[in-house]
Every structure is written in structure tokens, then in C-alpha cells.
Amino acid sequence: MVTARIVVLFALAAIAEIGGAWLIWQAVRENRGWWLALLGIVALGAYGFIAALQPDAHFGRVLAAYGGVFVAGSLAWGIVVDGFRPTVWDYVGSAVALVGAGIIVLAPASAGAPE
């Protein structure tokens, strides 16, 4: 159940952060209206709150693991929303990032820091 919560929160955080950054990009780079930047700021704020809901109490660890989700989510957003065509290296890099995130999140508690 905890793993499902972690995955859902990471997915929601990715949507909020990547979506927020994309909205600001649309406002600034594509001249699509300042109101999109404001929505982007709200979405980026929501990302911060969503990340804070993770069950792990260590900020750096949560954000480090989220980094892998962000890499994969950014490529997925680009494919779905912007029609981006990734290379095989984009997929390989994304897979490596997700494996790294999985190692951080799923490591047994007994494998903690040295005493």
C-alpha cells in the first residue's frame, strides 16, 4: 500500500511540476498569454505540496528519487503533448533514471546509512 501511495504521489508531482513548467514555457517562449504563466506558478506550488505528502521524512531522498520520475515524465509529456520523438538514448537514459529512483525508494530499511 505504501509503494502504491509513493507511485501515485510521484505521478501527481510530475504532472504538477512538468505541467507547470510547460505552462510557463507556453507563456514565455510561445507568447500564448501571461495567464498561462500564472497557472504554471500555481501548478508548481501544488507540486511542492504534493512532494511533501511522501511518506519518507527525508527531503533530499524524496527529491532524489523523484528526479528519475521527472526525467521519464518529461519525455512522456514531450511525446504526448508536444509530439517529441525521443531517440533510443532518451529511452535508455530515462530507464536508467527510473532504476535509480527505484533503488532509492525500494531499498530495505535495514540498508540505511552507516552507523
Handout entry: For the chain, calculated [θ]222 nm from helices alone, where every DSSP H run of n ≥ 4 adds -39500 (n - 2.57)
Key = -27500 deg cm²/dmol
Problem - Under 12 Å, Cβ to Cβ, from ASP82 - net charge with Lys/Arg +1 and Asp/Glu -1 - result: +1
Exercise for the section: Could you point to the label whose value was computed as volume of the Cα convex hull per residue in Å³ for the structure here, given (1) 83; (2) 115; (3) 134? Expected result: (2)
Practice task
May I ask you to give the percent of accessible area on the chain that is carbon plus sulfur, with a probe radius of 1.4 Å?
Solution key: 73
Practice task
Compute the accessible area per residue over the chain, keeping the other protein chains in place, probe 1.4 Å, unit Å².
Solution key: 66
Exercise for the section: Pull out the extension gain between ALA57 and ASP82, defined as 0.36 nm times the separation in residues minus the alpha carbon to alpha carbon distance; nm, one decimal. Expected result: 5.5 nm
Exercise for the section: Rank-order 79-89, 55-65 by packing density, defined as the average count of other C-beta atoms within 10 Å over each peptide's residues, highest first. Expected result: 55-65, 79-89
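The values are calculated or read from the model by the stated rules, or taken from the named source; none is laboratory data. It should be emphasised that the depicted structure is a prediction, and the values quoted were computed from it without experimental measurement. Ideal geometry is used to build each Cβ from the backbone, glycine not excepted, and the neighbour counts take in all protein chains shown. Remember, those area values only see protein heavy atoms, side chains included, never the ligands or the DNA or RNA. Shrake-Rupley method; radii C 1.70, N 1.55, O 1.52, S 1.80 Å.
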